[in-house]
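The values are calculated or read from the model by the stated rules, or taken from the named source; none is laboratory data. These numbers were taken from a predicted model, which means no experiment stands behind them. Every residue, glycine as well, gets a Cβ built from its backbone with ideal geometry; the counts of neighbours run over all protein chains shown. Just the protein is used for accessible areas: all its heavy atoms, side chains included, with ligands, DNA and RNA removed. Shrake-Rupley method; radii C 1.70, N 1.55, O 1.52, S 1.80 Å.
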Amino acid sequence: MSEIAGVRRCLSQWLPMGTHVRVKAKVLPGIPGQKVNMEIHDDSPHVNQYGARRQVDDATFRFDTQAHANVIVCFQNVLEANFPNDGRSQTIQFKMESGAMAEDFHKVQHEEKLKPMEMELRRLAMTLDDVQDELQYLKQRESTLRDANERMNSR
């Protein structure tokens, strides 16, 4: 992702409530006089704030979502005083992982002294839980929409 000075750019991903999320951002060296600010929030009615950092070089955020909503990660390239706004850009490496993919399984394996097969089984179990949670949410959503459709058709 390349960020132009003074412009705010955002990326989003819809995630269900209670999902583990890991966001990594690394600002690559660029032209002097530029700083990148980063903010993470969602678009739920409560507008939950998950993190913010000024002058990001290398940042990792971990959190659990608080609502069924789009999680939005915004970057803003800010020029220091006395630097011209001449279209300077900044390159950012960005990665957002959710669910079982957001877990640090090597750390878990080391802390709990798990064998590789046990660690893989744990990862698969967490992935299966994520799929089941997503399926349950979709069933609930489908039921709500079906009920609304039936009410509208009965009028």
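Potential lengthening of the chain between residue 7 and residue 139 amounts to 43.6 nm, from the contour at 0.36 nm per residue minus the alpha-carbon distance. Taking amide H atoms as placed 1.01 Å from N in the peptide plane, the amide H of residue 71 lies under 5 Å from those of 13, 14, 15, each 5 or more residues away in sequence or on another chain. In the chain, the calculated helix contribution to ellipticity at 222 nm averages -10500 deg cm²/dmol per residue, counting -39,500 (n - 2.57) for every DSSP H run with n ≥ 4.
Sorting the segments 106-114, 17-25, 44-52 by their residues' average number of neighbouring beta-carbon atoms within 10 angstrom, most packed first, yields 17-25, 44-52, 106-114. Please report the carbon-and-sulfur percent of the accessible area for the chain; probe 1.4 Å, protein heavy atoms only, DNA, RNA and ligands left out. Roughly 51 percent, rounded to a whole number. The label-point distance for residue 108 and residue 66, in a model that sets each label 7 Å from Cα toward Cβ, rounds to 2.5 nm.
A simple rule links phi to the HN-Hα coupling: the Karplus curve 6.51 cos²θ - 1.76 cosθ + 1.60 with θ = phi - 60°, which for segment 95-100 gives 8, 10, 10, 9, x, 4 Hz, with x for Gly and Pro.
Would you please classify the overall shape of segment 1-108 from the alpha carbon gyration tensor, given that a ≥ b ≥ c denote the square roots of the eigenvalues, rounded means a/c under 1.5, and beyond that prolate means a/b larger than b/c while oblate covers the rest? In terms of gyration-tensor shape, prolate. Rolling a 1.4 angstrom probe over the protein heavy atoms with all chains in place gives the chain an accessible area of 66 Å² per residue. Simple spin-label estimate for residue 80 and residue 43 gives 3.6 nm between the two label positions (7 Å along the Cα-to-Cβ direction from each Cα).
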